[in-house]
Every structure is written in C-alpha cells, then in structure tokens.
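Heads up: the structure comes next, in structure tokens.
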Amino acid sequence: MELTIFILRLAIYILAFPIYLLNFLGLWGRICKKCFPYFLARFTVMYNEQMASKKRELFGNLQEFAGPSGKLSLLEVGCGTGANFRFYPPGCRVTCIDPNPNFEKFLIKSIAENRHLQFERFVIAAGENMHQVADGSVDVVVCTLVLCSVKNQEQILREVCRVLRPGGAFYFMEHVAAERSTWNSFWQQVLDPVWPLLFDGCILTRESWKTLERAGFSKLKLQHIQAPLSWEMVRPHIYGYAVK
C-alpha cells in the first residue's frame, strides 16, 4: 500500500511540476490568493445546498450564548465569502477575520443579502494572531472549513479562547482525515502533497478532532459524520461546539 501511494504521488509530482515551479518562484501563492475567492464563491453555494440541514442544526442554539444585552456578538474566523451569514440569528453583531483581502468584495455582497445581521467590521489577519480583537470580547467564535488550512491549529484555538468571554462558545464544521484503511484515506494520502497548492493551503489528512480535544474547553460536543457532498475526498467531517 505504501509503495503504491509513493508511486502515485510521484506521478502527481511530475504532472504538477509547473505548479511546484511557480510556487518555488513565489508566484503561485499570489495567483491563488486572487483566484481562490472566485472558486470558493461557487463551491460554497453547492456546499450550503448539501449541508444546509447540518448548518441549521449546528447554529440552531447560537442565541443561547448571547450576553446580558441579549445581542449576540459573533466573530467568524476565516470568513471567506460570508457563506454562514444566512444561518445566524437576527440582530447578531458579526465581525469577520480572514488573511485574504480579496474576499472583501464577496463579503460586501453577502452583507447586502443578509440585512438581518449587524455587520461590525472586516479584519485582515490570520486566525493565529487576532490581536485586533480584545480579550473576552465576543460571545461566539465560528470557524468552518478553516482548521484544514491554518498553519497552527493549537495557536488558533488559543486565540479563540482568548477572545471568547467566560462561558462563550466556539462553533466548528470541518472536513477531516478519513478512517484509516479505507479507499478514501488512500486517495487522501495520494493527493495530500498537491492538494494544498490547489486549494489555498487545505490539507486533506488532518485529524482536527484531536486538537480540539486537547484545547482545554470546559465542554466539547463533537460529532463525526460522512457529509452528503459530491466530493468524496472531503466527505469525512466533524462538527459541533465547545464552551470556554
């Protein structure tokens, strides 16, 4: 099995050589940063259609974490195009963080389509360093399809805990590594070297649930599912929430 994976990876390296060369020259990252938002805008339409019931289930109790004022203060990390906005409760105050400034025009469109929300600001920053957000200042942090691509999962979860108020919650929905010894796991391992280059740092084989279990939340509600998605590679999912 390992020899087969090695041979197939070698074939992929050869086929993807132009991409690796552009990446070595420092050009591929710039191309991806500009093009990826257009891909994600299309992908999230499909993703929301197929995952709508799971997202409604996941975000169904968001309002329970609202502060004394009754208004929910929510920070979305890796907000992308704003695909989650329609699932948030009316009156929710939303701050968005993403390291890619090219998402801003897509966010503006999503904001215009979701007038039930109170949009606060868009911060250009990586989730591992959210110093623009004060300690204990938000009720809820949301992170969907982001932990697969961050450079340091442990650091981003430390930042999440820092910005959450005591008793606040972290909501997540992530694709993860498939169960070992399955064909899905086999192809994830084969494609893993080139996948991050094609999809802006996304890694197929991350076992993100293990990082969440070690993060020190007082409560963790986590479920593993096979998501009803067209793309076999990203069907293994986890979703749930954790309370600080």
Review point. For region 191-235, what are the residues that are of a type in the set (Val, Ile, Thr), assigned to a loop (DSSP other than H, G, I, E, B) and under 15 Å from the mean Cα position of the chain (by Cα)?
Key: Ile203, Thr205
**Study point:** Candidate set from region 89-105 (those that are over 27 Å from Ile31 (Cβ atoms) and under 17 Å from the mean Cα position of the chain (by Cα)); member that is surrounded by the most Cβ atoms within 10 Å (Cβ to Cβ)
**Key:** Val94
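Just checking, which of Tyr47, Tyr38, Tyr13 is open to solvent by 70 Å² or more (accessible area, probe 1.4 Å), of a type in the set (Phe, Trp, Tyr), in a helix (DSSP H, G or I) and touching a residue at least 24 places away in the same chain (Cβ under 8 Å)?
Among Tyr47, Tyr38, Tyr13, only Tyr13 is open to solvent by 70 Å² or more (accessible area, probe 1.4 Å), of a type in the set (Phe, Trp, Tyr), in a helix (DSSP H, G or I) and touching a residue at least 24 places away in the same chain (Cβ under 8 Å).
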Exercise for review: Could you please let me know if Gln188 is within 30 Å of Leu15 (Cα to Cα) and either in a loop (DSSP other than H, G, I, E, B) or not aromatic (Phe, Trp, Tyr) (or both)?
Suggested key: yes
Revision key, fill the gap. Quick count over region 188-233, residues being open to solvent by 40 Å² or more (accessible area, probe 1.4 Å), small (Gly, Ala, Ser) and farther than 29 Å from Pro101 by Cα, is 2
Check your understanding: Looking at this structure, is Ser149 more than 13 Å from the chain's Cα centre (by Cα) and either at pLDDT below 95 or charged (D, E, K, R) (or both)?
Key -> no
Practice item. Report the residue count in region 106-120 for those that are touching a helix residue (DSSP H, G or I) at 6+ places or on another chain (Cβ under 8 Å) and surrounded by fewer than 19 Cβ atoms within 10 Å (Cβ to Cβ). Key: 3
Practice item. Filter region 143-158 down to residues that are farther than 22 Å from Phe85 by Cβ and either open to solvent by less than 40 Å² (accessible area, probe 1.4 Å) or part of a helix (DSSP H, G or I) (or both), then give me how many there are. Key: 5
Check your understanding: Going through region 76-88 one residue at a time, which ones are surrounded by fewer than 20 Cβ atoms within 10 Å (Cβ to Cβ) and in contact with a Ser or Thr (Cβ under 7 Å, 6 or more places away or on another chain)?
Key -> none
Check your understanding: Since Lys244 meets every condition but one in (1) touching a residue at least 60 places away in the same chain (Cβ under 8 Å); (2) open to solvent by less than 40 Å² (accessible area, probe 1.4 Å); (3) touching a Phe, Trp or Tyr at 6+ places or on another chain (Cβ under 8 Å); (4) not hydroxyl-bearing (Ser, Thr, Tyr), which condition does it not meet?
Key -> (2)
Study note, to complete from the structure: Among residues of region 16-35 being in contact (Cβ under 8 Å) with a residue 40 or more places away in the chain and assigned to a helix (DSSP H, G or I), the residue surrounded by the most Cβ atoms within 10 Å (Cβ to Cβ) is Cys32
Check your understanding: For His131, which of the numbered conditions (1) in contact with a strand residue (DSSP E or B) (Cβ under 8 Å, 6 or more places away or on another chain); (2) more than 21 Å from Ala83 (Cα to Cα) fails to hold?
Key -> (1)
Exercise for review: Return yes when Ser181 is among the polar types (S, T, N, Q), open to solvent by 10 Å² or more (accessible area, probe 1.4 Å), more than 19 Å from Glu76 (Cα to Cα) and assigned to a loop (DSSP other than H, G, I, E, B) and no when it is not.
Suggested key: yes
Review point. When you go through Ser73, Ser69 one by one, which is the residue that is touching a Gly at 6+ places or on another chain (Cβ under 9 Å) and either free of Cβ contacts under 8 Å to residues at least 24 places away in the same chain or open to solvent by less than 60 Å² (accessible area, probe 1.4 Å) (or both)?
Key: Ser73
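The values are calculated or read from the model by the stated rules, or taken from the named source; none is laboratory data. None of the values given here were measured: they were computed from a predicted structure. Every residue, glycine as well, gets a Cβ built from its backbone with ideal geometry; the counts of neighbours run over all protein chains shown. The accessibility values were calculated without ligands, DNA or RNA, using every heavy atom of the protein model including side chains. Shrake-Rupley method; radii C 1.70, N 1.55, O 1.52, S 1.80 Å.
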